[in-house]
1. Can you tell me the relative contact order of the chain? Whole percent, Cα pairs under 8 Å, sequence separation 6 or more.
2. How much of the accessible area of the chain, probe 1.4 Å, is carbon plus sulfur, in whole percent?
3. Hey, what's the chain come to in accessible area per residue, 1.4 Å probe, Å²?
4. List the aspartates and glutamates whose Cα lies under 18 Å from the Cα of LYS75, skipping any in the same chain that are fewer than 8 positions away.
5. Under 5 Å between amide hydrogens, which residues at least 5 positions from ILE78 or on another chain qualify, with H placed 1.01 Å from N in the peptide plane?
6. Which entry is the computed P(r) over Cα pairs in 10 Å bins from 0, in percent for this structure: (i) 18, 51, 23, 7, 1, 0; (ii) 19, 55, 24, 2; (iii) 15, 27, 19, 14, 13, 11, 1?
7. Within the chain, which is the longest segment containing none of the GluC sites (Glu not before Pro) that sit in a DSSP loop and have at most 13 other Cβ atoms within 10 Å?
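The values are calculated or read from the model by the stated rules, or taken from the named source; none is laboratory data. Not measured: the values here are computed from a predicted model. FYI the Cβ positions are ideal-geometry reconstructions off the backbone, even for glycines, and counts take in every protein chain you see. The area values use the complete protein model at the heavy-atom level, side chains included, leaving out ligands, DNA and RNA. Shrake-Rupley method; radii C 1.70, N 1.55, O 1.52, S 1.80 Å.
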Amino acid sequence: MDIKEYTSFLVKSITNNPDMVKVEIFESEGEDPIIEIIVHHDDYGTVIGKGGKMATSLKTIIQAYAFLNNMPKVKINIDSF
């Protein structure tokens, strides 16, 4: 499972609209890859969590996955539509 699939699995497991979750990876030379997580606006609060705790936890878990799979450090952006 690559990091895109793993991130999608994690986010879909905590949202009420898992079909509306979209995960994209943007890579540019010389910079860390960026994982863009886009969720339905109703799920945005769930993904961010109270005080940003859920978002911080997701970022930590995804960073750990990248580290364990010898990948570069990744940046994570969460947005809604």
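1. Details: 105 pairs, mean separation 26.5, N = 81.
Relative contact order here is 33 percent.
2. Numbers: 2810 of 5300 Å².
Carbon with sulfur: 53 percent of the solvent-accessible area.
3. 65
4. Straight-line reach from LYS75, under 18 Å: ASP2, GLU5, GLU24, GLU27, GLU29, GLU31, ASP32, GLU36.
5. Amide H neighbours of ILE78: ILE37.
6. It is the one labelled (ii).
7. On the way: sites that count: GLU27, GLU29, GLU31.
Formally, the longest exposed-site-free interval is 32-81.
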